[in-house]
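Just below is one structure, and these are the notes that go with it.
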Amino acid sequence: MNILLVLIPVTLVVIGVAVALFFWAVNHQQFDDLDSPAMLPLMDDPPPQEATPESPEQSEHPPHDP
């Protein structure tokens, strides 16, 4: 029964911290937009930028004379 003298105050402190964290999150607009973050993984990525093709003069190496 003596454990209840410890557990009840500890439980009240934990509940108090949870309530304080909840109100902190509400005051800092953590719950304003709940739909957009859930949709971000489903959105398409922008298309990759296409590389410009090199001219044949730039892509060929000069012949090597042995």
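A residue that is assigned to a helix (DSSP H, G or I) and modelled with pLDDT of 65 or more can be found somewhere in segment 41-63. Pairing each residue of segment 25-53 that is without any contact (Cβ under 8 Å) to a residue 60 or more places away in the chain and open to solvent by 100 Å² or more (accessible area, probe 1.4 Å) with any residue that is assigned to a helix (DSSP H, G or I) and of a type outside the set (Ser, Thr, Tyr), provided the two are 6+ apart or on different chains, yields C-beta distances under 8 Å for Phe31/Ala25.
The values are calculated or read from the model by the stated rules, or taken from the named source; none is laboratory data. As the structure is a computational prediction, the values presented were derived from the model and not from experiment. Cβ sites come from the backbone with ideal geometry, for glycine too, and all protein chains shown count toward neighbours. We work out accessible area using only protein heavy atoms, side chains counted, and drop any ligands, DNA or RNA first. Shrake-Rupley method; radii C 1.70, N 1.55, O 1.52, S 1.80 Å.
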